[in-house]
Every structure is written in structure tokens, then in C-alpha cells.
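These notes are about the structure you will find just below.
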Amino acid sequence: HVLATLNAAVPRQKLRRLPSHSRAKLAIRTEDFQVHRYAEHSPTCLIFAIDASGSAALHRLAEAKGAVELLLQQSYARRDSVCVIAFRGTQVQTLLPPSRSLVRAKKALANLPGGGGTPLATALQQVYLQAQPLQRNGVTPLLVVLSDGRANVTLAGLGGREQAHQESLKWAQSCARLGAAALWIDTGLQANGIALPIAQAMHAHYLHMPRMESHKLASAIQTLNQPFAAHANSHVA
């Protein structure tokens with residue numbers, strides 16, 4: 001950075017002597033040099049896995065929709081994207097493949113039904129399958145799960161709480177091996193310790209939020225995103 005280098009050198013000129021044969025006007029030393037350091041912004045994709053099962057699904061989905069819309073508005077300038085996965089009954093649906101379109105996100109979330117069982121292991125498997133190719137393409141995935149952790153549907157689509165829980169732990173560990181930042185929002189009325197071990201296996205930040213509010217949820221996710229935010233250019237020696 002030429003201007004910053006000159007600004008560093010000028011105040012020191014009285015302490016320096018140029019050789020008699022030199023035609024230079026300034027004595028510039030190594031310690032004067034200033035350089036631009038650019039922080040490259042790697043695009044990120046926020047992968048939402050939303051638990052649409054159970055009696056509280058409608059309220060949970062309404063708040064999740066609001067948070068997704070807020071985050072899309074905030075991330076548009078950074079060219080970040082959002083992927084939305086919903087799970088209920090025996091099915092896991094990728095409602096929104098990675099996209100920056102607020103219109104597509106609204107349409108995808110508009111008519112999502114709620115209720116039924118909780119195929120959590122299959123949802124975490126889908127999170128992993130979405131995140132892995134993104135990483136290969138230079139996109140940083142951020143993983144967010146909204147669930148109380150009460151898995152009761154196995155990978156085979158059958159009932160069985162214990163097996164479903166163990167399978168969820170296994171896929172949570174697979175997600176952890178991605179090395180991606182992750183956040184687990186426990187949507188249960190009480191922090192009963194069911195979701196916590198799965199969140200820990202995923203190496204996810206754990207947050208109990210039984211009364212979800214769009215702005216609080218968006219704020220928590222923005223905090224998760226901070227380490228990947230682009231920094232302003234700086235002048236360093």
C-alpha cells in the first residue's frame with residue numbers, strides 16, 4: 001500500500017541519512033512497508049433441518065419460516081444461500097435446495113403440513129448428504145437443526161425409539177466429521193436432556209428455545225455465521 005508506506009516513512013526522515021550519491025528523496029526502510037491483506041469471503045449455505053412432527057409443529061414451522069426469510073434478506077448481499085429440509089412421519093423432504101431466492105423459500109414453506117412421527121436420523125443423514133458436496137465445491141455449510149430430539153422413526157421407516165435415537169447419534173457424528181459450524185435449537189417445552197447428547201455428538205452449539213421467535217432464532221444463527229463473515233480490508237506491516 002503505497003500511501004500507507006509513505007505515511008509511515010515520512011515522520012522518520014530526520015533520523016535517517018541518505019547516501020550522498022543517492023537520488024532518492026525519501027529513505028525507506030523495511031519496517032515502513034505496509035501491505036493490503038484481503039480476507040476472501042467463502043460463500044456459505046445455511047442448511048435448516050426443521051422438525052415438522054408432533055402437536056407443536058405448526059407454531060414451530062411458522063417461526064422457522066420467519067427466520068428463514070430474515071436470514072435470506074440478510075445474506076443476499078453476501079451471496080449466501082439457504083437450504084431447507086423438513087421431516088415428519090416417515091418422510092424427509094428437501095423443500096428448498098440451496099438457493100438465494102426469497103420467493104422460492106416462501107413458496108417451499110407455505111403449505112408444509114405438520115404432525116406425525118420424528119424420523120430424525122434420516123433428517124441428519126440428509127443434512128450430511130447436502131453439506132458434503134457443498135464443501136467439495138468450496139461452499140461453507142452451516143448446519144441448524146430445530147428439534148426436541150425425540151426420534152421415534154428408524155432409518156428403515158419403522159417405529160422404535162431406542163434404535164431411532166442410536167441412529168440419530170450415528171448420523172450426528174457423521175455431520176460432526178464435516179467440521180462445519182452447527183447449531184441445535186431444542187424446541188421441547190423443557191430441556192429434558194434428549195436433544196443435548198445428539199447435539200454434542202454433532203459438535204453443535206446447543207440452545208433451548210421452547211418459545212421460538214423469528215428474530216431470536218435469526219440472531220442465534222447470525223452468531224454462528226460470524227466466524228465466516230467477510231472482514232474489512234486492513235493495512236498491516
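The values are calculated or read from the model by the stated rules, or taken from the named source; none is laboratory data. Given the structure is predicted, the values throughout are model-derived calculations rather than measurements. Quick reminder, even Gly has a Cβ in these numbers, built from the backbone with ideal geometry, and neighbours come from all protein chains shown. SASA here: full protein model, heavy atoms, side chains in, ligands and nucleic acids out. Shrake-Rupley method; radii C 1.70, N 1.55, O 1.52, S 1.80 Å.
Apart from one condition, residue 177 fits all of (1) modelled with pLDDT of 95 or more; (2) closer than 19 Å to residue 119 by Cα; the exception is (2).
Is there a residue being under 30 Å from residue 143 (Cβ atoms) and open to solvent by 90 Å² or more (accessible area, probe 1.4 Å) anywhere in the range 17-39? Within the range 17-39, one or more residues are under 30 Å from residue 143 (Cβ atoms) and open to solvent by 90 Å² or more (accessible area, probe 1.4 Å). Among the criteria (1) open to solvent by less than 30 Å² (accessible area, probe 1.4 Å); (2) touching a Gly at 6+ places or on another chain (Cβ under 7 Å); (3) at pLDDT below 85, the one residue 68 does not fulfil is (2).
Inspect the range 202-220 for any residue being at pLDDT 90 or above and open to solvent by less than 30 Å² (accessible area, probe 1.4 Å) and give the result as yes or no. Looking through the range 202-220, at least one residue is at pLDDT 90 or above and open to solvent by less than 30 Å² (accessible area, probe 1.4 Å). Mind listing just one residue for me: the one in the range 102-120 that is more than 23 Å from residue 148 (Cα to Cα) and touching a Lys or Arg at 6+ places or on another chain (Cβ under 9 Å) and, of those, least open to solvent (accessible area, probe 1.4 Å)? Applying the filter and picking the extreme gives 105.
Say whether the condition of being touching a Pro at 6+ places or on another chain (Cβ under 6 Å) and within 30 Å of residue 139 (Cα to Cα) is met by at least one residue in the range 169-189. Within the range 169-189 (the criterion being touching a Pro at 6+ places or on another chain (Cβ under 6 Å) and within 30 Å of residue 139 (Cα to Cα)), the answer is yes, since at least one residue qualifies.
Among the residues making up the range 190-201, those that are under 23 Å from residue 65 (Cα atoms) and either surrounded by 17 or more Cβ atoms within 10 Å (Cβ to Cβ) or in contact (Cβ under 8 Å) with a residue 40 or more places away in the chain (or both) are 195, 199.
Among the residues of the range 167-224, those that are out of contact with any Phe, Trp or Tyr (no Cβ under 8 Å at 6 or more places or on another chain), assigned to a helix (DSSP H, G or I) and of a type in the set (S, T, N, Q) comprise 168, 173, 214, 219, 222, 223. Do you know which residues across the range 164-180 are closer than 16 Å to residue 148 by Cα and either among the charged types (D, E, K, R) or touching an Asp or Glu at 6+ places or on another chain (Cβ under 9 Å) (or both)? Once the filter is applied, which keeps residues that are closer than 16 Å to residue 148 by Cα and either among the charged types (D, E, K, R) or touching an Asp or Glu at 6+ places or on another chain (Cβ under 9 Å) (or both), the range 164-180 yields only 167. Scanning the range 162-182 for residues that are surrounded by fewer than 22 Cβ atoms within 10 Å (Cβ to Cβ) and farther than 19 Å from residue 133 by Cβ returns 162, 163, 165, 166, 169, 170, 173.
Here is a check on your reading of the model: is residue 154 over 23 Å from residue 114 (Cβ atoms), among the β-branched types (Val, Ile, Thr) and modelled with pLDDT of 90 or more? Spell out how you get there, then give the answer.
Working: over 23 Å from residue 114 (Cβ atoms): no; among the β-branched types (Val, Ile, Thr): yes; modelled with pLDDT of 90 or more: yes.
It is false that residue 154 is over 23 Å from residue 114 (Cβ atoms), among the β-branched types (Val, Ile, Thr) and modelled with pLDDT of 90 or more.
Every listed requirement among (1) touching a Leu at 6+ places or on another chain (Cβ under 6 Å); (2) within 19 Å of residue 83 (Cβ to Cβ); (3) not in a strand (DSSP E or B) is met by residue 133 save one, (1).
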